[in-house]
1. If each residue of separation counts as 0.36 nm, what is the full-extension length gain between Y64 and S103 once their alpha-carbon separation is subtracted?
2. Work out the length of the dipole vector of the chain about its Cα centre, built from +1 on the beta-carbon of each Lys and Arg and -1 on the beta-carbon of each Asp and Glu, and round it to the nearest 20 debye.
3. State the extension gain, in nm to one decimal, for the chain segment bounded by E120 and H75, taking 0.36 nm per residue of separation less the distance between their alpha-carbons.
4. Please work through the chain and write down the cysteines that have no neighbouring cysteine Cβ at a distance under 4.7 Å.
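Here, each number is a calculation from the coordinates, and none is a lab measurement. In this text, all values refer to a predicted model and were calculated from it rather than measured experimentally. Glycine gets a Cβ as well: all are built from the backbone with ideal geometry, and neighbour counts include every protein chain shown.
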Amino acid sequence: MNKAFVREPDDTGQRHCPRCQSLSVIVRRETYVEHLEAQAADRLADVAYFCPFPSCDVVYFDDYERLALVGDLQHSVYPKDLDAPMCACFGLTRDDIEDEVHSGSVQRIREVVLKAKTPEAHCQTASASGQPCVGEVQRYYMKLRGGAS
């Protein structure tokens, strides 16, 4: 068939983790250098991917099949360590959310959601995925609320 009539696949920038096959999140160098030991960060390309699956030992990987594992981290990050803050900018943890569900309050969650919209939030570097925590916080809250009913 003539190549002029064959559509090239679109590159969406999404990749699957080479270990667990979870859909990854694209990150830039400024994100992963904040979380990895220097030696591990230097192995990766400027654009890499974050594996969000909690029990997978891969944290970051690149298009050249180079990996950074949980052992390469400078500190704990969510969701690789479920005790680490879900919100790396403001320190909101799963325990905080669970406390709010049990008390019937949403004050702390509301504060974080509002702060996430301000210049104080630095999700690009504070979050291991480079993404804001708001969606994950809300999903966890709703999951707990559904279980509490």
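1. Working: separation 39, 0.36 × 39 = 14.04 nm, distance 4.80 nm.
Stretched out fully, the Y64 to S103 stretch lengthens by 9.2 nm.
2. The calculated dipole for the chain is roughly 520 debye.
3. Details: separation 45, 0.36 × 45 = 16.20 nm, distance 2.11 nm.
So the extension gain works out to 14.1 nm.
4. So far as the 4.7 Å Cβ criterion goes, C89, C123 stand without a partner in the chain.
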